[in-house]
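Asker: Mind looking over this structure? Questions follow.
Please treat every number below as a calculation from the coordinates, not as lab data. Computed from a predicted model, the values in this text were never measured in an experiment. Because the Cβ atoms are built from the backbone with ideal geometry, glycine has one as well, and the counts that use them run over all protein chains shown.
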Amino acid sequence: MKLKILFFTILLLFSGCATIFDITPNQSFNFSQGKKVLFSKKQHSEVKLELAQDTYTKNTPILFFIEAKSDDFILDISDITLHQDTKIYTPLSANAILNSGYNFKISLQNFNIPTPPITSNNYQPSFIFTPYGNIFFISKNYDDSYFKEAEFSRRIVFANYLKKTTLNAKEFLGGFIAFIPKDIHDGKIEIRIKIQKEEHIFSFNLSIN
């Protein structure tokens, strides 16, 4: 019982310290099934970025869906960065997503990707180490549906994550990209995608909710 109380106390502490931002594009966009869709077109390449959330909670992944067109170019996560002030953030790798403790259920729902209900069982370990140094304590016989749900959501993101993809000029190709800019603050952020010698920049404003 004490461990269970400690677990929820830690969760409350983390949720209380988390800063929530409203995230708004600084450029024109369209709506598609509730998602904000932004375009950037250069002479030799074109990029489409989808944002399915209106808020961003600090220290959690922010998820984008990025697709591009170009003649004979291999697009990889190394071509995409997030910028704020002088700081540059690289995306999480696909394996980092799969091996993390994050739950992407709400993000996937925002992208209109349903996640089925998970049957729960008793969960035996008394504590769990999560990525980035956090430790969550739980009691024995704890309902493990949340952890199964989180794992399932990560597998969906992993399956649709951007991996090395050879682009062509006829169709948009790409996948999910996730960032965790842990020391981010209110103000402007930019997503930059380099294709060939062209750079596509998508600008957003973060304001404290």
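Asker: DSSP loop (so not H, G, I, E, B), at most 16 other Cβ within 10 Å: list which GluC sites (Glu not before Pro) in region 150-209 pass both filters.
Answerer: Glu171
Asker: Of Lys58/Lys87; Lys42/Lys164; Lys41/Lys197, which ones are farther than 18 Å apart at the Cα?
Answerer: In this structure, Lys42/Lys164 lie more than 18 Å apart at Cα.
Asker: Can you list the residues of region 155-170 with backbone N under 16 Å from a point 7 Å past the Cα of Asp71, pointing along Cα to Cβ?
Answerer: 167-170
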